[in-house]
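Data first, discussion second: the structure below is written as structure tokens.
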Amino acid sequence: MKKLDSFSGRLTRTVVITVLVTMTIISVFVFLVASSGILVFSKAHYSDILEKANRDMALTMSKVEVAADNIIDELCWHLATPELVLSTMEYELNVNRHIHGCGIGFVADFYPSVGRWYEPYALNDGGKITLKIIGSETHDYFQSEWYTKGLASPGGVWSTPYLDEEGGETVLCTFSRCVVMEPEKEIAGVFGADLSISGLASLIQESLRKENEESIFYVPVRDDPKQRIYCFIIGPEGDYIAHPDQNRILKTNFYDFATGTDADRYRKLGDAMRAGESGDLSVVVDGIRSDVYYAPLLHSGWSMGVVVPTERLLTPAIAYGAIIIFLILLGILLVFLTCRRSIKKASTPLIQLAESAQEIATGKFDTSLPTIKHKDEIRLLRDSFDHMQSSLARYVDELKETTAQNASIERELSVARSIQMSMLPTTWPPFPDRNDLDIFGSVAPAKAVGGDLFDFRIRNEKLYFCIGDVSGKGVPAAMVMTVISSMFQTLSDSEDSPLRIMTAINASASARNENLMFVTLFVGSLDLSTGVLQYTNAGHNAPVVITDGKPSFLPVDANIPVGIMADWTYSQQETALSPGTALFLYTDGLTEATRSDGELFQEERVLTQLANLGENRSAECLVADMTAAVNRFIGDAEQSDDLTMLVLKWLGNRTQE
């Protein structure tokens with residue numbers, strides 16, 4: 001008997017062959033597009049790295065220029081005595097640690113008592129300040145480039161790099177400017193602020209450290225010195241100013257390495273960099289085919305280049321292209337297996353059953369199902385559909401009733417949430433006409449409504465504020481929160497002392513506390529003219545004081561929460577804030593945020609996160625960054641408690657605009 005060519009077999013072959021041809025074409029296209037896109041992205045990424053390194057270098061040099069101007073202004077007050085000049089430079093170098101050293105070369109015989117040459121110099125030797133007098137007949141600074149250029153440049157000028165064996169004891173680049181005495185307008189000498197070339201090299205290489213550990217798109221790279229990314233700097237004549245190979249700095253020229261078949265392109269790269277152009281060029285560097293991204297370095301007349309081995313650019317494109325092809329082939333295999341299995345089980349009764357099911361899906365629950373004579377799996381499926389049909393009809397009726405009830409509850413909770421949120425500050429910035437205060441806060445209830453609160457107001461040039469956490473969550477906590485918030489608003493309109501405000505709230509909350517609910521509360525007042533902070537704590541988390549980017553916990557007395565004992569005697573504390581200091585207040589929903597493995601966020605992570613943010617962050621940024629940190633920490637875990645944060649940043653007593 002001739003073997004039948006089954007319908008399922010023919011259909012499976014047709015589908016798989018069609019999918020195979022289609023997916024092969026798509027695979028090639030996707031591979032080419034993805035590889036090209038990743039390559040373009042990689043080039044843009046390394047161009048951004050060059051731009052960032054350039055900005056970092058320019059910023060460092062700008063900081064030296066600004067510091068030099070400030071030091072010169074200070075020195076002009078102390079030129080009468082040589083000893084005062086030395087002590088002033090020592091003090092200023094302690095303040096400006098980014099400067100390697102500084103000195104002033106006075107004009108000849110400026111101090112007749114010390115002779116023709118007088119060049120006091122202060123060196124930052126690894127944090128230790130060393131003072132020297134280095135001007136002499138053998139060290140004639142009058143002939144030095146930094147002195148001659150600075151003498152002719154009232155606005156200041158950068159010298160070309162040079163080896164200073166007397167003062168900075170290393171390869172330096174000096175920003176020099178003439179020192180003019182007021183009001184005589186006489187030149188006293190030339191001041192120089194030194195920048196260590198090795199320090200510059202370390203700065204730009206540190207910015208590439210992560211790139212050498214892991215390529216973009218998180219593709220691992222081989223630990224091969226020939227595949228490492230590095231930066232270099234050349235001067236106007238092509239001399240190396242910075243390079244990972246220390247033997248090249250000030251000793252060799254960029255053009256010295258123009259060898260081999262790619263020498264012309266190498267020289268073309270050097271010409272473009274010397275001309276102050278920006279761009280990228282593929283060229284052989286030290287025997288390795290690389291892409292070099294280059295741009296002029298601001299303030300200096302130098303040019304910076306980032307060398308990226310071409311293999312580093314191609315690796316992500318090839319890796320991700322291979323992954324795409326593998327996934328597509330895996331998809332083809334799954335399609336084959338699925339089609340083979342599904343088509344074998346296909347039959348006409350199934351089509352009829354599918355049509356009936358479609359009618360039922362539109363809401364026609366009285367649709368008749370096809371009659372199945374055979375007692376097989378299809379008959380069982382038909383009976384299951386029959387049961388589902390009747391069950392679905394009942395379920396829809398019940399669902400309509402339940403949905404109506406839930407909608408009513410949701411509307412009520414929505415109104416409750418709106419009322420609760422309306423009692424909290426919602427306008428940011430709250431005081432747009434003030435330039436001495438930066439405030440931002442947020443509340444994220446764990447349920448539709450919550451028990452956390454914060455509030456603030458300004459009266460008689462004092463900022464009165466509070467933050468609290470009601471025990472429990474949901475509607476009961478929200479009701480208590482509303483009462484506490486209202487009491488604070490009323491009391492802060494008349495009372496000047498946080499202690500009296502806290503005592504009054506505690507007495508009222510304790511007298512009407514049949515449900516034994518308590519509130520941790522922190523109340524404070526900040527004198528906006530002096531920065532004096534008075535506060536009273538009632539069992540609440542200690543706020544964090546951020547001064548100059550360094551966070552620390554505010555000392556608070558251990559008082560019990562309000563609502564427990566009506567006659568409890570609270571204490572008031574006081575401290576003074578310096579301009580720019582921020583006060584970070586929060587509820588335990590932050591420190592007790594829990595991820596899926598049960599670990600808590602805790603106070604240590606709060607301090608670490610605030611320390612990593614650095615200085616000059618706005619109140620809104622501090623809240624946003626901390627919220628993002630908590631969300632990253634808990635991941636997919638459900639929020640377990642209300643999360644409230646309030647940042648008060650005092651900017652100092654300023655004249656209102």
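The values are calculated or read from the model by the stated rules, or taken from the named source; none is laboratory data. Just so we're clear, the structure is a prediction, and the values are computed from it rather than from any experiment. Note that each Cβ is placed from the backbone with ideal geometry, even for glycine, and that neighbours are counted across all protein chains shown. The area values use the complete protein model at the heavy-atom level, side chains included, leaving out ligands, DNA and RNA. Shrake-Rupley method; radii C 1.70, N 1.55, O 1.52, S 1.80 Å.
Results, tabulated for the structure shown:
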item: Normalised contact order of segment 227-334, rounded percent, pairs of Cα under 8 Å and 6 or more residues apart; result: 25
item: Model label zone, S510; criterion: amide N under 19 Å from point 7 Å along Cα-to-beta-carbon; scope segment 547-570; result: 557-570
item: M61, M487, M479, M388, reordered so the largest accessible area comes first (probe 1.4 Å); result: M479, M388, M487, M61
item: Distance between modelled label sites at L600 and S113, nm, 7 Å Cα→Cβ extension; result: 6.7
item: Order by protection proxy (mean Cβ within 10 Å, highest first), peptides 249-257, 49-57; result: 49-57, 249-257
item: Euclidean distance of C-alpha centroids, segment 610-657 and segment 531-561, integer Å; result: 16
item: Span from the segment 174-204 Cα centroid across to the segment 95-112 one, whole angstrom; result: 8
item: Amide N proximity, segment 121-144 versus S153 label position 7 Å along Cα-to-Cβ, cut-off under 15 Å; result: 144
item: Relative contact order, percent, segment 241-286 [alpha-carbon distance under 8 Å, six or more residues apart]; result: 29
item: Residues listed by number, segment 490-524, amide nitrogen under 17 Å from E592 label point at 7 Å toward C-beta; result: 516-522
item: Ordering of 552-564, 581-593, 524-536 by burial proxy (mean other Cβ atoms within 10 Å per residue, highest first); result: 581-593, 524-536, 552-564
item: Over segment 434-571: Rg over Rh, Cα atoms, Kirkwood Rh; result: 0.96
item: Sequence ranges 492-500, 630-638, ranked by mean other-Cβ count within 10 angstrom, highest first; result: 492-500, 630-638
